[in-house]
Amino acid sequence: MAEAVTRPEDPPEGPAVASGSLTARTARTARRTPGWGLLALPGVVFLLLFFGWPIGDMAILSLTEPSPVNYAVFTESPVYRDAYVTTFLVAAVTTGACLLLGYPYAYVMHVSGRRLALVLGFFVLLPFWSSILVRTFAWSVWLQDSGIVNTALMSAGIVDEPLPLIRNALGTTIGMTHVLLPFMVLSLYAGMRRIDPDLTRAAKSLGASPLTAFRRVFLPLSKAGVYAGSLIVFVISLGFYLTPAILGDPGEPLVGQLIVEQVSGQLEFGVGGALGVVLLVSTLAIVWAGTRLVDLRTVMGYEE
């Protein structure tokens, strides 16, 4: 009796398999459709005109106004090197502060009910509805020697004289943490939303305590959101100008303050361009290194 032979090219039978094949085929066809790429064209043109062009012009000025000798400022004066070190240290401390404050908040948003999550999300978005200038000046009122914080501490007998909370790196870090905390919370929450809650329940059903289930299951799975949020906050921190200018120490400026001083105060466009190019290259290197740790598309909800 002859045996039935199934040819490799024959499609497998069954409605479920056929439905899955149709869905995958439709997704691949949509990705290859050239018309979808045209939707990004206006955004690409906008970025090239209003972002790429100024950056290219800045790079040219750094080499031609008057010459590439502009980059020698890093070897001639320690002020510029110290500014970069201070900028990266403040950015790192700000990132750590945002992570320590933002992770518990994002976790409560994740495990709470829908109504409470909406309320907490509202408070995360609330700072975006006010000017960063207003928020920074508000912190100057709170942190100055005769401000609310020092007045309360001295009235309670905790300190005998005002604490130096402003015009230093501490004041800059506090102000930047307030501005950047929502970015960290949103990134963490987006990463936590992708964690299957059944995994934690399974760990508890196998005898793990809530703390052990969080430490051994949930925390490792949330690393993608931690890496993404830390990368976003750190990179944004590198280019801050307004908050350090109001709350920081004029004697220890950040790179953004030096760039503004060179361009607006000294009219040294070449030196300012060189400072900007070095900061841009450093930022791109950090972003590239960060993408080795986590694929940011997974945090944004993109799946292959």
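The values are calculated or read from the model by the stated rules, or taken from the named source; none is laboratory data. Quick caveat: nothing in here was measured; it's all calculated off a predicted structure. Here the Cβ positions follow ideal geometry from the backbone for every residue, glycine too, while neighbour counts run over all protein chains shown.
Of note:
- Single condition Ala228 does not satisfy, out of (1) in a loop (DSSP other than H, G, I, E, B); (2) at pLDDT below 90; (3) buried (at least 17 other Cβ atoms within 10 Å of the Cβ): (1)
- Residue check for Ala245: of a type in the set (Gly, Ala, Ser), under 26 Å from Val281 (Cα atoms) and surrounded by fewer than 21 Cβ atoms within 10 Å (Cβ to Cβ): yes
Matching residues to (1) at positive phi; (2) part of a helix (DSSP H, G or I); (3) at pLDDT below 90:
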position: Ile232; (1), (2), (3): no, yes, no
position: Ser264; (1), (2), (3): no, yes, yes
position: Trp288; (1), (2), (3): no, yes, yes
position: Tyr302; (1), (2), (3): no, no, yes
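- Any pair with Cβ under 7 angstrom, 6 or more apart, that starts in segment 149-168 at a residue that is at positive phi and ends at one that is acidic (Asp, Glu) and surrounded by 15 or more Cβ atoms within 10 Å (Cβ to Cβ): Arg167/Asp249
- Gln266 being over 11 Å from Ala91 (Cβ atoms) and buried (at least 21 other Cβ atoms within 10 Å of the Cβ): no
- Matching helices (runs of 4 or more DSSP H) fully within segment 96-168 where at least 2 residues are farther than 26 Å from Tyr241 by Cβ: 114-125, 148-155
- Top-ranked residue in segment 64-83 [being without any contact (Cβ under 8 Å) to a residue 40 or more places away in the chain and surrounded by 12 or more Cβ atoms within 10 Å (Cβ to Cβ); ranked as nearest to Ala245 (Cα to Cα)]: Arg81
- Residue match in segment 53-68 (condition: over 17 Å from Val277 (Cα atoms), among the aromatic types (Phe, Trp, Tyr), modelled with pLDDT of 90 or more and in a helix (DSSP H, G or I)): no
- Residues (surrounded by 12 or more Cβ atoms within 10 Å (Cβ to Cβ) and not aromatic (Phe, Trp, Tyr)) located in segment 202-219: Ala202, Ala203, Lys204, Ala208, Thr212, Ala213, Arg215, Arg216, Val217, Leu219
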